[in-house]
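**Student:** This is the structure I want to talk about, given as structure tokens.
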Amino acid sequence: MDDILTNREIGFDLGGIMIIDDLLLNKVEEILNIKLFDAQRKYLLGEGDYWYGGRGSGKTVAYCIKLALSEGDPLNIGKPQQFCDNDYGLEDNKNRYSQWFRNMFLDIWHSLKDAGLSVREVKF
């Protein structure tokens, strides 16, 4: 981030809790060098459900962003199947998908953290 931002400007309320709002999503788009779909923005803003769709609909990206910015117990990166989104495919694909998800989540998590956003703690 080129400019210095106050905590409120990057999505924090005064209690230090991350608030996902349009200002924060604009910063996330800039950090990740992406443009969120309308359905992704609505989901991240809490204005819509986790929509249905197949591969390439942006659900996993939106879920990774929301998970990275969420609060809660640290995520155990060694066990991504405990927190990854819905698996795609047959039962024997769950492990492969969870490992793929882990890599996508960590790419997003590191990008947001490196840009100075408060992200959920992870255990390696």
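Every number in this text was worked out from the coordinates using simple rules, so none of it is lab data. These numbers were taken from a predicted model, which means no experiment stands behind them. In this analysis, Cβ positions are derived from the backbone assuming ideal geometry, glycine residues included, and neighbour counts consider all displayed protein chains.
**Student:** Ranked highest first by average number of other Cβ atoms within 10 Å, how do 32-43, 100-111, 72-83 line up?
**Tutor:** 100-111, 32-43, 72-83
**Student:** What are the ³J(HN,Hα) couplings of segment 69-80, residue after residue, when phi is run through the Karplus curve with 6.51, -1.76, 1.60 and θ = phi - 60°? Round to Hz, x for glycine and proline.
**Tutor:** Residue by residue, segment 69-80 yields 8, 7, 9, x, 4, x, 8, 8, 5, x, 10, x Hz.
**Student:** Let me ask something additional. Residue-wise, which Karplus ³J(HN,Hα) couplings in Hz belong to segment 111-121, taking 6.51 cos²θ - 1.76 cosθ + 1.60, θ = phi - 60°, and x for glycine or proline?
**Tutor:** My calculation for segment 111-121 gives 4, 5, 5, 4, 7, x, 7, 7, 10, 5, 5 Hz in order.
**Student:** Can you sort LEU25, LEU69 by how many other beta carbons sit within 10 Å, fewest first?
**Tutor:** LEU25, LEU69
**Student:** Counting only other residues whose beta carbon sits under 12 Å from that of ILE77, what net charge do I get with K and R as +1, D and E as -1?
**Tutor:** Around ILE77, the surrounding residues sum to +3.
**Student:** Using modelled backbone amide H atoms (1.01 Å from N, in-plane), which distant-in-sequence or interchain residues come within less than 5 Å of VAL122's amide H?
**Tutor:** Those qualifying (amide H under 5 Å, at least 5 residues apart or on another chain) are LEU75.
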